């Protein structure tokens with residue numbers, strides 16, 4: 001059951017059009033982007049709409065979308081846990097079809113076009129979201145062999161396993177690791193949690209997908225508290241304890257411990273190590289489940305991605321005051337990137353026109369811009385009509401909430417996972433999980449549209465592709 005929940009979470013977590021613009025909240029047009037090639041939604045686009053056949057094509061027989069032909073490659077499927085370690089190298093967690101085989105941590109080198117096995121874990125879907133800490137890579141493992149955080153020396157080529165940090169247990173294993181940036185944290189008058197006994201340096205998110213707990217470690221990986229903030233936490237100023245669907249944000253301010261509580265809760269919590277609360281607030285209206293995904297802090301502003309679309313909210317990147325988490329009014333609406341795509345209906349077993357949403361997922365900061373991965377998955381994630389648009393990353397100027405660039409990742413789908421390259425202010429990797437219109441997790445269609453892409457964002461917001469690995473090749 002837990003593996004099924006994790007499989008479903010990959011679809012939720014992690015995802016083009018010739019449309020070069022988006023709408024800002026309030027109905028004003030966003031600045032026109034110098035877009036790369038997109039599968040267009042705009043009437044004045046320079047290229048043909050790749051999602052809509054023209055009149056001549058309508059006369060030709062339409063091939064059945066399913067069954068999907070078997071791709072030439074033999075690689076297994078990515079789980080979405082991608083960790084760039086510098087330049088053209090990244091560690092990717094690969095698993096077999098439907099968890100038949102265990103997880104494998106693989107070194108991907110786009111320069112040499114080689115993939116090298118680094119470590120194997122017996123249980124599939126057990127290695128979570130990792131982080132680079134100096135010359136080490138830290139990966140959480142929920143393996144039945146013993147939960148903990150795996151330590152790899154990334155100065156070695158290939159990286160080598162040096163040990164395991166004992167944190168978590170079989171009931172509430174570790175799922176994600178993040179660092180606490182250096183800095184001074186100033187909370188408010190409310191202190192709902194106990195003060196930590198040392199300086200927080202590493203966060204380990206533990207979860208069984210029903211309840212969660214946040215473990216906090218110091219710089220020497222000593223556990224200060226293994227469930228400092230958890231699903232049972234109550235205290236002055238808290239509007240919600242942790243649910244079972246929680247993420248650690250891509251970028252927090254120095255000294256701040258932040259948590260994004262996602263589908264069904266939609267709450268951002270920002271805390272200091274002394275137990276004091278900076279702010280905690282819901283980021284959607286009471287009658288709308290926005291499916292909060294991620295956030296970054298830029299100056300005095302929190303920029304958050306919301307995956308679901310409501311009447312006048314969601315399917316967007318939205319700004320909040322970092323001190324109060326009150327909405328500032330700045331918002332980037334990605335609904336112009338919604339599209340109707342030819343797919344397959346598993347109920348009728350026939351081709352179908354499927355409505356997809358942009359579905360913004362992760363967001364990172366690169367070259368002074370916010371970079372958002374768009375999953376572009378069906379409007380109804382668990383319906384019978386299945387299709388996905390081509391992968392897209394959006395580059396946003398946070399100074400005026402305008403879209404600078406929409407960069408299409410041609411041939412790949414479900415590209416919502418974006419990760420910053422350590423030591424670089426401009427480079428990032430995108431993990432495209434792939435998506436099959438022929439059924440959830442269907443191997444051929446998923447593998448054919450899955451891959452890893454390395455990008456660079458210029459100071460003007462333009463995007464260059466530096467390399468890629470298609471799983472089907």
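Descriptive notes on the structure:
- At R0 = 25 Å, FRET efficiency that the Cβ-Cβ distance of residue 282 and residue 184 yields, to 0.05: 0.35
- Extension gain, residue 144 to residue 236: 0.36 nm times the residue separation minus the Cα-Cα distance gives 29.4 nm.
- With both labels modelled 7 Å from their Cα along Cα-to-Cβ, the residue 113 to residue 312 distance reads 5.4 nm.
- Fewest-first sequence of 349, 406 by Cβ atoms within 10 Å of each Cβ: 349, 406
- Two-site FRET efficiency, residue 379 against residue 195, from Cβ-Cβ distance with R₀ of 30 Å, rounded to 0.05: 0.10
- For the range 150-258, the relative contact order comes to 26 percent (Cα pairs under 8 Å, sequence separation of at least 6).
- With R₀ set to 41 Å, the beta-carbon distance separating residue 63 from residue 456 gives a calculated FRET efficiency near 0.65.
- Extension gain from residue 301 to residue 400, taking 0.36 nm per residue of separation minus the Cα-Cα distance: 34.4 nm
- In this simple spin-label model, placing a label point 7 Å from the Cα along the Cα-to-Cβ direction at both residue 466 and residue 222 gives a separation of 3.8 nm.
- Residue exposure proxy: 228, 303, ordered by other Cβ atoms within 10 angstrom of their Cβ from fewest to most, comes out as 228, 303.
- Note on residue 324 and residue 274: the model spin-label points, each 7 Å out from Cα along the C-beta direction, lie 2.3 nm apart.
- Prolate/oblate/rounded label for the range 384-462 (Cα gyration tensor, a/c 1.5): prolate
- Global form of the range 210-300, assessed from the alpha-carbon gyration tensor, a/c cut-off 1.5: prolate
Bear in mind these aren't lab numbers, they're just calculated from the coordinates by the rules spelled out. Because the structure is a prediction, the values reported are computed rather than measured. Glycine gets a Cβ as well: all are built from the backbone with ideal geometry, and neighbour counts include every protein chain shown.
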